[in-house]
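The values are calculated or read from the model by the stated rules, or taken from the named source; none is laboratory data. Quick caveat, the model's predicted, so the values are computed rather than measured. A quick note on method: Cβ atoms are made from the backbone with ideal geometry, for glycine too, and the neighbour counts reach across all protein chains shown. For the accessible areas, the whole protein counts, side chains as well, though only heavy atoms, and no ligand, DNA or RNA atoms are used. Shrake-Rupley method; radii C 1.70, N 1.55, O 1.52, S 1.80 Å.
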Amino acid sequence: MTPFHFLHLTDPHIAPPDELLFGQDTNARFAAAVAAIAAEAATTPFAFAILSGDLARDGEPDAYRELARMLEALPCPTHLMLGNHDDRAAFAAAFPDTPLDVNGFCQQAFETPAGRCILLDTLTPGAPHGTLCAVRLGWLADRLAEGDGPVLLFLHHPPMPIGIPGMDAIRLLDGAALLSVLEPHRARIRHMFHGHTHRALAGSWRGIPTSSLRGTAFEVKFAAGQPAIERAAPIEYAIVRCEAESIGVHLAAAAPLA
Ligand SMILES: [Fe+2]
C-alpha cells in the first residue's frame, strides 16, 4: 500500500469564546495546533483527522459552535468523538452531520488503506468514567464481523490503568467486556488510539498496541494521588503514518500563537 497519513488530536476542551479552563486559554492552544497542521499539510497531505473526545470544556453549546468554527481551518475531513466532558445533545446540535450509530451513539466505522477505523463512544452521561454498554459492544461486534481485514480502534477512555490513581478510577470500566468482544479478532487489531489521560503515552493492552497524547489543552502530571494539571505542557498532536507492515505515531508540538 502507498503510505498515508492521518492526524490524531485529543482533549481540546474548547471553552465558550473568551473563557478559560484552569486559567488556560484552551481555545488558543487548539487554534495553534490547527495552524501548525495547516502549515505542515503543504508538504504532508493528511487523509483525515480524528478528535478522540473531550471536545468541549463542559458540553457547552457555545463551545461546540466555537470548535466548528475553528475546524474550518483544518485542511482535511474531521471525525469527532465524545469524551466525559461532552454532552450528546449539545454536540449533535452543533455537528448535525456527524454519523451516529443506529442506537444514537456517536460511533462509526469507515475504511482506510490501513484498515477499518472503528470509533467508539465511551461517554457515561453525568459521570467521568467510561462505559461501553451491551448495546455499544453489540454494535462493535457487528462491525468486526463484517470483514476480516485489519482494524484501527479509537476510544476516549482507555481500558487499562496508567498508574495515576485519580485517572485510573475514571478509565473505561468495561475493559473485560470489551476484551471479550475483541478476543476473536485480536490479531486484526493493529492499534488502539485513546485520549482521556492527557499524557504522551504508548504501550499495549493485552497485546494490542496503544497510544495517547497530552492533547492540546493541558497535561496531567505523572504523580500519585489525584490528577495534577501541567499548564505549560506542549500543545501536542500526532501524525500517524501507516504503511503496509507498520504504523508510526509521530508526536508533534505546535508553537503557541503570538
Ligand atoms: Fe480530557
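Within the stretch 157-176, the only residue that satisfies the criterion of being among the small types (Gly, Ala, Ser), open to solvent by less than 50 Å² (accessible area, probe 1.4 Å) and either under 17 Å from the mean Cα position of the chain (by Cα) or within 12 Å of Thr131 (Cα to Cα) (or both) is Gly175. Tell me whether the stretch 110-123 contains one or more residues that are open to solvent by 30 Å² or more (accessible area, probe 1.4 Å) and of a type in the set (A, V, I, L, M, F, W, C). Checking the stretch 110-123: at least one residue is open to solvent by 30 Å² or more (accessible area, probe 1.4 Å) and of a type in the set (A, V, I, L, M, F, W, C).
Contact map, the stretch 149-177: residues that are more than 26 Å from Arg241 (Cα to Cα) paired with residues that are assigned to a strand (DSSP E or B) and open to solvent by less than 20 Å² (accessible area, probe 1.4 Å), Cβ distance under 8 Å, separation 6+ or inter-chain. Pairs shown: Ile164/Val220; Met167/Val220; Ile170/Gly130; Arg171/Gly130; Leu172/Gly130; Leu172/Leu155; Leu173/Gly130; Asp174/Gly130. Figure legend. Inter-residue proximity from the stretch 232-258: first residues farther than 15 Å from Glu219 by Cα, second residues charged (D, E, K, R) and open to solvent by less than 20 Å² (accessible area, probe 1.4 Å), beta-carbon distance below 7 Å, spacing 6+ or different chains. No pairs are indicated.
Just to be sure before I move on: is Thr98 more than 23 Å from Asp25 (Cβ to Cβ), more than 16 Å from the ligand (Cβ to nearest atom) and of a type in the set (Ser, Thr, Tyr) in the structure I sent? Answer is yes for this residue.
Looking across the stretch 34-67, the residues that are under 20 Å from Val249 (Cβ atoms), open to solvent by less than 40 Å² (accessible area, probe 1.4 Å) and of a type outside the set (Phe, Trp, Tyr) come down to Val34, Ala36, Ile37, Ala41, Thr44, Ala49, Ile50, Leu51, Ser52, Gly53, Asp54.
To keep it simple, each residue is scored yes or no on (1) over 30 Å from Glu245 (Cβ atoms); (2) away from the ligand (no atom under 16 Å from the Cβ); (3) of a type outside the set (Val, Ile, Thr); (4) touching a residue at least 60 places away in the same chain (Cβ under 8 Å).
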| site | (1), (2), (3), (4) |
| --- | --- |
| Phe6 | no, yes, yes, yes |
| Arg29 | yes, no, yes, yes |
| Ala47 | no, yes, yes, yes |
| Asp54 | yes, no, yes, yes |
| Arg57 | yes, no, yes, no |
| Asp62 | yes, yes, yes, no |
